[in-house]
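Following: one structure in structure tokens, then a few remarks.
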Amino acid sequence: MHQMGIEGLPRNYELVYEAYAGSNPELVREFIGLGKNKTQDALDALGRKYLPHHHEDGILSRQNGQVRAEMSNFISLLNQEKVSLTDYGRLIGHATKAIMTEDIDHVELGQSIKALKVATEQRANQNSNVVRAVVDKTAALADLQREAEDAEAAKFVDPLTGLASRRAFNKALAKVYANAEMPVLCSMVIGEIDDFSRLSELMGPAVCERFVKQVGKVVEAVAGTEDLACRFDGGRFGILLYTSEQEEVSRIVDLVRSKLNTTVVNSGNGRALGQVPMSFGICFSEQAPNAFDFTNFTEKALAASKAAGGNTVTIYGANDYAPKDWLIYKKQPVGGF
């Protein structure tokens, strides 16, 4: 970042990381399009588009200004209504006085009735305007609320696949250890497409984007609605399974792999590259004392799978279940990789 002349701000760190991770091809293209001299304004404009959670202050400031303006207009409208009601009450008082007097002056009575009629018509019209104004302002405030909710939701959604983001995964992970002495019994699975960088180069950005979406659909379909599936970055996916049954976790991972084995990777020029090999690491919550170790142990299991040649599944601490080795089961690589 220093070599690129980019200031070491937290929002810049994540933007540069996302750009170099290649998880969002559109972000990569636009980041490169900024040229060598990337101004902070240009980086912030890109951040507001792809990482809106880092620019909440700007969103909140603008929304706060809009809410203030709407409330100011509404108060002004109520003050006008108050003045109008005061005038109407005065006319009613004059008409009442003219009616209740013993020596009724028919001319004065007629004028009072006429003025009261006109004022009543004005009140009816004014009431309609007030109702319309209130409806319009309510709709405007509802739009602001929806915008705020969308900005909040954007923090936890991967923009490419629509899966949960790493941030959502971490949030759910924190809940697992909300009671440190008795964590929720669950398991973490981290999978990474083998040799994803080379595949990305062969396929090109557009095809790679469609491919990652396809893999995301497989992971999401297998995880279902009760468990949490997310995309970390690039070709890395995570699943938080709310079960600690080793056989069930292995079954789910096998199902993902079998579905990916039927997915043919296309280079974008019509040439099939083969099927999708993917390495996995698995850890169970009872093996880790905290969320950091839970993730770290799963990452270590994934690293062991990749070190074993890829297209492999490793359970962390497998010597607790089987002698000597972490590697619980391994399928031979398939396709042209």
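Listing Cys283, Cys208 from fewest to most neighbouring C-beta atoms within 10 Å gives Cys208, Cys283. If you sort the three axes of the alpha carbon gyration tensor as a ≥ b ≥ c, you get a/c of 1.5 or more for the range 144-257 and a/b no higher than b/c, which makes it oblate.
Loop-located chymotrypsin sites (Phe, Trp or Tyr not before Pro) in the range 165-243 (DSSP state not H, G, I, E or B) with no more than 15 neighbouring Cβ atoms inside 10 Å: Tyr242. I'd like the distance separating the alpha-carbon centroids of the range 216-245 and the range 173-215, in whole Å. For the range 216-245 versus the range 173-215, the Cα centre distance is 7 Å. Equivalent ellipsoid of the range 10-50: semi-axes from √(5λ) of the C-alpha gyration tensor, largest first, are 14, 12, 9 Å. By other beta-carbon atoms within 10 Å, ranking Leu302, Leu241, Leu43 with the fewest at the front produces Leu43, Leu241, Leu302.
No lab work stands behind these numbers, since they all come straight from the coordinates. Bear in mind the structure is a predicted one, so any value in this text is a computation, not a measurement. For neighbour counting, all protein chains shown are included, and Cβ atoms are generated from backbone atoms with ideal geometry for every residue, glycine included.
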